[in-house]
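Structure, as structure tokens:
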Amino acid sequence: MTDLFVRKLSGLDRLNDEEVRILRGLTPQARSVDARADVIVQGSRPTSSTLLLEGLTGRYRILTDGRRQITSIDVPGDFVDLHSFPLKTMDHGVIALSACRVATAPHAELARITETQPHLTRLLWLTTLIDAAIHREWLVALGRMSALERMGHLFCELYMRLNAVGLADAQTHSFALPVTQSDVGDMLGITNVHVNRTLQDMRRRNLVTWRGATVSIPDWDGLVEVARFDASYLHQEREPR
């Protein structure tokens, strides 16, 4: 169940056999979560951290008037709330944007890793630092980019992250995005109408097509240029940590 997570960490640094064994024993049970259901509830105090195996989840906050902002997306191979281990109380919720499969790692087991496996501890810490880097990039996009740039940036990021765990087609730059246009609007801070107009603009420019649940990027270089996308914030280089 942890194969995608092992693949993700292996892309950041070399894992030895003992570390792989520990990771594969970390999440012994899995469960299904329906689309639109909460994976983690804001204000809760989890005793385990949740690893996403299938589907997409979104971290979100809801304002008192009901408006929602999705602050980041998690893809398979991501821990959606690894930070709940040291923070204890969740200051935001995590929702299943599609039907999902998740597994849980007890905080007691994560504590043992921090006490006995310094290299693995650094890699787990690194994943939370990359989460923070993604949040910063989304903040810049929301504050300074046009809707076209924001949407292009989102598609570039998702392709890169899914490709890193073998869930994108590198030949066509395509990937599964089983979410609604309303979800995308909540990610980008724009209305459904604006989402639709921006998608039409992208299609006219031959930058992106979104048919059913599949996004394809026929002009990767063109989209990178339009979105001002620099993948360095994803820190996908493999080097000693």
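Yes/no per residue for (1) within 19 Å of W138 (Cα to Cα); (2) open to solvent by less than 30 Å² (accessible area, probe 1.4 Å); (3) not basic (K, R):
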site	(1), (2), (3)
R68	yes, no, no
P76	no, yes, yes
T104	no, no, yes
A108	no, no, yes
I113	no, yes, yes
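I'm checking my understanding of the structure. Among residues of region 15-56 that are touching a helix residue (DSSP H, G or I) at 6+ places or on another chain (Cβ under 7 Å) and part of a loop (DSSP other than H, G, I, E, B), which one is surrounded by the fewest Cβ atoms within 10 Å (Cβ to Cβ)?
In this case the residue turns out to be T47.
Just checking, which of G66, G77, G11, G25 is free of Cβ contacts under 8 Å to residues at least 40 places away in the same chain, closer than 19 Å to L120 by Cα and of a type outside the set (A, V, I, L, M, F, W, C)?
When all the criteria are applied, what remains is G25.
Could you list, ordered by first residue, the pairs with Cβ atoms under 6 Å in which the first is in region 81-108 and assigned to a loop (DSSP other than H, G, I, E, B) and the second is surrounded by fewer than 16 Cβ atoms within 10 Å (Cβ to Cβ) and of a type in the set (A, V, I, L, M, F, W, C), at least 6 apart or interchain?
S98/A35; A99/A35
Do you know which residues across region 179-200 are open to solvent by 40 Å² or more (accessible area, probe 1.4 Å) and of a type outside the set (V, I, T)?
The answer is Q181, S182, G189, N192, H194, N196, R197, Q200.
Between a residue in region 177-200 that is in contact (Cβ under 8 Å) with a residue 40 or more places away in the chain and any residue that is among the charged types (D, E, K, R), which pairs come within a Cβ distance under 8 Å, given they are 6 or more apart or on different chains?
Correct list of pairs: D186/R68; L188/R150; G189/R150; I190/R150.
The values are calculated or read from the model by the stated rules, or taken from the named source; none is laboratory data. What you see is a predicted model, and the numbers here were worked out from it, not measured in a lab. So basically every Cβ, Gly included, is an ideal-geometry build from the backbone, and we count neighbours across all protein chains shown. Surface areas here come from the heavy atoms of the whole protein model, side chains and all, with no ligands, DNA or RNA. Shrake-Rupley method; radii C 1.70, N 1.55, O 1.52, S 1.80 Å.
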